[in-house]
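Worksheet: one structure, shown below.
The values are calculated or read from the model by the stated rules, or taken from the named source; none is laboratory data. Just so you know, these numbers come straight off a predicted model, no measurement behind them. Neighbour counts run over all protein chains shown; Cβ positions are idealised from the backbone, glycine included.
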Amino acid sequence: MGYTIAQKIIKNHLVCGEMTAGKEIGLKIDQTLTQDATGTMAYLQFEAMGIDRVKTELSVAYIDHNTLQAGFENADDHRYIQTVAKKHGLRFSRPGNGICHQVHLERFSRPGKTLIGSDSHTPTAGGIGMLAMGAGGLDVAVAMGGGTYYIAMPKMIKVNLVGKLSNYVGAKDVILEVLRILGVKGGVGAIVEYGGEGVKTLSVPQRATITNMGAELGATTSIFPSDETTRAFLKAEDREEDYIELSSDPDATYDAEYTVDLSALKPLAACPHSPDNVKNVSELSGMKINQVCIGSCTNSSMQDMLTVAAMLKGKTVHPDVSLSISPGSKQVYTMLAECGALADLINAGARILECACGPCIGMGFSPQSAGVSLRTFNRNFLARSGTADAQVYLVSPETAAASAVAGVFTDPTTWGVAPKIEMPTQFKINDNLIEMPVGVDEMDGVTVERGPNIKPIPVGKAPAKDLECELILKVGDDITTDHIMPAGTKVLPYRSNVPKLSEFCFTVCDKEFPERAKAKGGGVILGGANYGQGSSREHAALVPLYLGIKAVVAKSFARIHVANLINFGIVPMTLENPDDYENFNEGDLLEIKGFAKAVANATEATLVNKTNGKTAKLKLAFTERQREMLLAGGCLNYTKNQK
């Protein structure tokens, strides 16, 4: 039996375990990346391990999230990351150099290699044939120290692409169609591989748009073949030596297969408040809009920017619309300026933002009250934009540009023939904003600088013999990490200060939660299906740990979040019968007899509601390694015990 693309890379990097779907495997990691919203904590954890030098082939620390410096906090974090990177062997991408996934795709991604990043959209590099996965910061810290990265061996899903995209239909419409087919849970426990003749019609940036937003499927990652298109992209980046051909075997087998006809696709939009709430743009035509945001790690490539510039050239953004544009990297920004496309954007009335995540994470450019915002981003979760009652739609750059001019939702295919975009065959290479670390002999001369906002990491404790505490919070299905630990201008500056950050925990769902959790000394959280979807932010586990959360019970969990909970010693358990969810309410007193013993060696436990007498069977689906981590109070304690 042949191998899929992902299986070939996994086989070449397998440290332990067997390649059977659902079984735990350990992988050697070649590269890591962090961004500043998660990086500070990851490097604090790396330092806590006492390892002097990163042991990966390449590790890069990016500054792209917390770039709005309204106080000292973000700047202090940047300086901390810069000095840690310099001392311990990482490259440092300075503020202004660009969004981590765009820059990494351009300058560092390599087909056939493994990459984990403390950002859920790390699968962007799958567009170049890399096995790239989002992970919690602690997992990244372990990998930087030479440790193994553990996942459950994924199932394999294949999406066959046929045909060719029509005028004004973009790669964003491809992934929105896949989301319409599979939904936000359809990729859980799986790797999505793209194949078929249609692949040859897509550029690497287009492929990267599709793999980037594969995170919204809940997939472990997504991946494309590495072919002559890949070689041409690497050659344009002056990195042709990094090219290898990579494809699935003809007799490779998949757990599921789907087909998307590119030539039949129409412009699509994800409606509020979920990436899989997809409709045809034609169904929304004429709806008044207030704001358009073009950029993010999903749609900020040179190809995207040139497309938008060509559509806006000689036109003016509608007076009722505010348009922002964020180029994905300094490389893109510079080339836009040199070819004149930047002037076309400015003359049309676009407001040019820096090369950073910006509005995507609620870091500026929030919509007006109850505003309708069209965004080329990857997530439209409730309140993520920074405006609680905003209606955020996810669209392609083509739809965004056409709608910005019209002032209403507009199907770009009504514009007729699309302008022809000539992509450069050679990109402008200038890595002057990527700092190299000092040599091993110079490490002692580097002082790591810590600002007053950087606080110690909370450390978990071993589970109690019996669990007896209150159901402190009950939430529904599809709770995201944005619900648990919001982003935005008010919150992100405190990502290295967990005590302060705790004031915002779950406030999207319940404004009183932080104070109640502190007063009660913590407790248990009950969630619905797909609990913890979205960002890889480990703060969604770290902060509940600080607030005393002992366990989370849910109908099902998202992959990265359940790993983060275990990493920090919070016990995640699933309801054997999802209907039992209805038998528990906030404020109920809960009990699990023999809790520590169950964590140690049981696959089931009984949750007793002492308030109403109801019970529920819980599943404890842990590997032996995960049980040892939970019994140690989390990965940090476990790692120290291994020395």
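Table for the structure above
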quantity	calculated
Tally, over the range 298-312, of residues that are touching a Leu at 6+ places or on another chain (Cβ under 9 Å) and part of a loop (DSSP other than H, G, I, E, B)	2
Looking only at the range 204-229, and only at residues there that are of a type in the set (A, V, I, L, M, F, W, C) and part of a helix (DSSP H, G or I), the one that is nearest to Asp482 (Cα to Cα)	Ala215
Meets criteria (surrounded by 16 or more Cβ atoms within 10 Å (Cβ to Cβ), at negative phi, out of contact with any strand residue (DSSP E or B) (no Cβ under 9 Å at 6 or more places or on another chain) and modelled with pLDDT under 95) for Ala37	yes
Test set (1) over 22 Å from Val405 (Cα atoms); (2) modelled with pLDDT of 95 or more - Ile361 fails condition number	(2)
Failed item, numbered, when Thr298 is tested on (1) within 22 Å of the chain's Cα centre (by Cα); (2) on the phi > 0 side of the Ramachandran plot	(2)
Number of the condition not met by Ala343 [criteria: (1) surrounded by fewer than 22 Cβ atoms within 10 Å (Cβ to Cβ); (2) under 27 Å from the mean Cα position of the chain (by Cα); (3) more than 19 Å from Gln69 (Cα to Cα)]	(2)
Extreme residue, farthest from Pro359 (Cα to Cα), among residues of the range 376-421 that are acidic (Asp, Glu) and touching a residue at least 24 places away in the same chain (Cβ under 8 Å)	Asp411
Yes/no for Tyr168 being closer than 20 Å to Ser396 by Cα and in a strand (DSSP E or B)	no
Residue tally, condition surrounded by 24 or more Cβ atoms within 10 Å (Cβ to Cβ) and either among the hydrophobic types (A, V, I, L, M, F, W, C) or part of a loop (DSSP other than H, G, I, E, B) (or both), over the range 364-379	5
Condition check for Ala401: over 28 Å from Asn66 (Cβ atoms), surrounded by fewer than 16 Cβ atoms within 10 Å (Cβ to Cβ) and either polar (S, T, N, Q) or at pLDDT 95 or above (or both)	no
Filtered residues of the range 230-255 (kept if assigned to a helix (DSSP H, G or I) and touching a helix residue (DSSP H, G or I) at 6+ places or on another chain (Cβ under 7 Å))	Thr230, Arg231, Phe233, Leu234, Glu240, Asp242
Strands (runs of 3 or more DSSP E) completely within the range 7-112 that count 1 or more residues being within 27 Å of Phe622 (Cβ to Cβ) and free of Cβ contacts under 8 Å to residues at least 40 places away in the same chain	14-16
Those residues of the range 314-347 which are without any contact (Cβ under 8 Å) to a residue 40 or more places away in the chain, touching a helix residue (DSSP H, G or I) at 6+ places or on another chain (Cβ under 6 Å) and over 26 Å from Ala236 (Cα atoms), in sequence order	none
Within the range 346-357, tally of residues that are farther than 16 Å from Asn290 by Cβ and surrounded by fewer than 24 Cβ atoms within 10 Å (Cβ to Cβ)	6
Among residues of the range 228-238, those that are over 26 Å from the mean Cα position of the chain (by Cα) and not aliphatic (A, V, I, L, M), counted	4
Residue among Val184, Val142, Val192 that is part of a helix (DSSP H, G or I) and not assigned by TED's automatic domain parsing to the domain that holds Ile560	Val142
Where a residue in the range 457-474 is within 23 Å of Asn637 (Cβ to Cβ) and its partner, wherever it lies, is loosely packed, with under 15 Cβ neighbours inside 10 Å and not small (Gly, Ala, Ser), with Cβ under 6 Å and at least six apart	Asp466/Lys593
Residue match in the range 329-346 (condition: acidic (Asp, Glu) and not in a helix (DSSP H, G or I))	no
Check on Ala42, over 24 Å from Gly187 (Cβ atoms), surrounded by fewer than 22 Cβ atoms within 10 Å (Cβ to Cβ) and either in contact with a helix residue (DSSP H, G or I) (Cβ under 8 Å, 6 or more places away or on another chain) or not acidic (Asp, Glu) (or both)	no
Residues (among the β-branched types (Val, Ile, Thr) and farther than 23 Å from Asn378 by Cβ) located in the range 479-506	Val498
Test: residue in the range 452-459 that is farther than 27 Å from Cys357 by Cα, under 28 Å from the mean Cα position of the chain (by Cα) and not in a helix (DSSP H, G or I)	yes
Enumeration of residues in the range 578-602 that are within 23 Å of Gln626 (Cβ to Cβ) and in a loop (DSSP other than H, G, I, E, B)	Lys593, Gly594, Ala602
Candidate set from the range 586-636 (those that are over 27 Å from the mean Cα position of the chain (by Cα) and of a type in the set (Val, Ile, Thr)); member that is nearest to Ala563 (Cα to Cα)	Val599
Unique residue being without any contact (Cβ under 8 Å) to a residue 40 or more places away in the chain and either among the acidic types (Asp, Glu) or surrounded by 14 or more Cβ atoms within 10 Å (Cβ to Cβ) (or both) when the list is Phe622, Phe557	Phe557
Residues of the range 529-553 satisfying the condition of being surrounded by 23 or more Cβ atoms within 10 Å (Cβ to Cβ) and farther than 24 Å from Val459 by Cβ	Gln533, Gly534
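Residues checked against (1) at pLDDT below 95; (2) surrounded by 14 or more Cβ atoms within 10 Å (Cβ to Cβ):
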| site | (1), (2) |
| --- | --- |
| Ile434 | no, yes |
| Gly439 | no, no |
| Val446 | no, yes |
| Gly460 | yes, yes |
| Lys465 | no, no |
